[in-house]
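Since the structure comes first, as structure tokens, the remarks are kept for the end.
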Amino acid sequence: MTNPTTDWHAHYEASAPAWERWADALAAQQEKVNAALLDEADIGTGHAVLDLASGVGEPALQAGRRAGPTGRVVATDVSARMLEALQGRARGAGLTNVEVRVTAMERLPFDDGSFDAVTCRYGLMYATDIGAVARECLRVLRPGGRLAALVWGAEADNTTLFVAARALQRLFPGRITDDEMTAPLRFAAPGLLAGIFEAAGAVQVRERELAMSPRIRKGTPFWRPLVEMNMGEIWNTLDTSQRAQAAQAIEAALEAHVEGDQYVLRTAMRLLTAQRAD
Ligand SMILES: C[S@@+](CC[C@H](N)C(=O)[O-])C[C@H]1O[C@@H](n2cnc3c(N)ncnc32)[C@H](O)[C@@H]1O
């Protein structure tokens, strides 16, 4: 299958400060999603957990709370700046069982069978070789160990992010590539990711949709963190008047999703679960 052409390492390294800035505010909103992911990975007290593409710490920090002092979480990412921010957040939360390791998910520097569970939230889409990632996940899991991963569903079902992103892309054409725009949606087709993990030898492979319909008071700039974190290549280069112009364009695009005094939006994810054979 086609791999993304964007240099995601550089992209995320550059956007790490924005991810750090918004981390705590967004973590609270995503607690339910994290809980679903960690439930599927069957994470409990004393477990050793590997989190891939951890960014600034979700769901690694929540996994750390579940694993408790007798367990441990290794949070990994290609971006050292993301992991520095994660470490700071772990310290702030008093979590001493979360460690970080800079590594690409395609080649994991861990022994065979060394984890009870592997988790990954919104990360597998950036793999340069998803088949290798699936094989590595199974290799580092103990027999019977579980994997749970969340990826984005289709664009039409993700208006919370994509209405604003497309409005910005239209306003500043050529500043963000189609690959950058659509790579996050790469595993939206039902069954695609499940097939990749089955081919790698996983058992008990399941995929299901996780959907939400946020209602947000009209005029709330809810899109601001999403744009700063994901479209910094454009946002960071805009002056005050261009930002005002961007806000106007985004608000105009959101008009198609207004009911009464609210934006009615959609967020859809696919939740993959798999297991290493006993
Ligand atoms: C959308 S963020 C998700 C971060 C976090 N899991 C979350 O849900 O908030 C994607 C992360 O994947 C990381 N990443 C991209 N390519 C990677 C790779 N090949 N191996 C490991 N991490 C990668 C990026 O640095 C970034 O932190």
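The values are calculated or read from the model by the stated rules, or taken from the named source; none is laboratory data. Note that the coordinates shown come from a computational prediction; the quantities given were computed from them, not determined experimentally. Positions of Cβ are backbone-derived with ideal geometry, glycine not excepted, and every protein chain shown enters the neighbour counts. The area values use the complete protein model at the heavy-atom level, side chains included, leaving out ligands, DNA and RNA. Shrake-Rupley method; radii C 1.70, N 1.55, O 1.52, S 1.80 Å.
Quick rundown of the values:
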quantity: Protection proxy ranking, peptides 263-274, 220-231, average beta carbon neighbours within 10 Å, highest first; calculated: 263-274, 220-231
quantity: Cα-centre dipole for the chain with unit charges at Cβ (Lys and Arg positive, Asp and Glu negative), debye to 20; calculated: 440
quantity: Cα coordinate range in the range 1-118, projected on the principal axes (Å, largest first); calculated: 39, 35, 23
quantity: Cα-based Rg and Dmax for the chain, where Dmax is the largest Cα-Cα distance (Å); calculated: 18.6, 60
quantity: On Cα atoms only, tilt of 159-171 relative to the major axis of the chain in degrees; calculated: 50
quantity: Alpha-carbon radius of gyration plus Dmax, which is the widest Cα pair, for the range 128-236 in Å; calculated: 17.2, 51
quantity: Accessible-area composition of the chain, carbon plus sulfur, in percent [1.4 Å probe]; calculated: 50
quantity: For the chain: relative contact order, % (alpha-carbon pairs under 8 angstrom, 6 or more apart); calculated: 21
quantity: Computed E for GLN248/ALA80 - FRET, C-beta separation, R0 41 angstrom, nearest 0.05; calculated: 0.65
quantity: Ratio of Rg to Rh over the range 67-110 (Cα coordinates, Kirkwood Rh, two decimals); calculated: 0.99
quantity: The chain, accessible area per residue, ligands and nucleic acids excluded (1.4 Å, Å²); calculated: 44
quantity: Listed peptides 64-70, 144-150, 89-95, 237-243 by packing density, highest first (mean Cβ within 10 Å); calculated: 144-150, 64-70, 89-95, 237-243
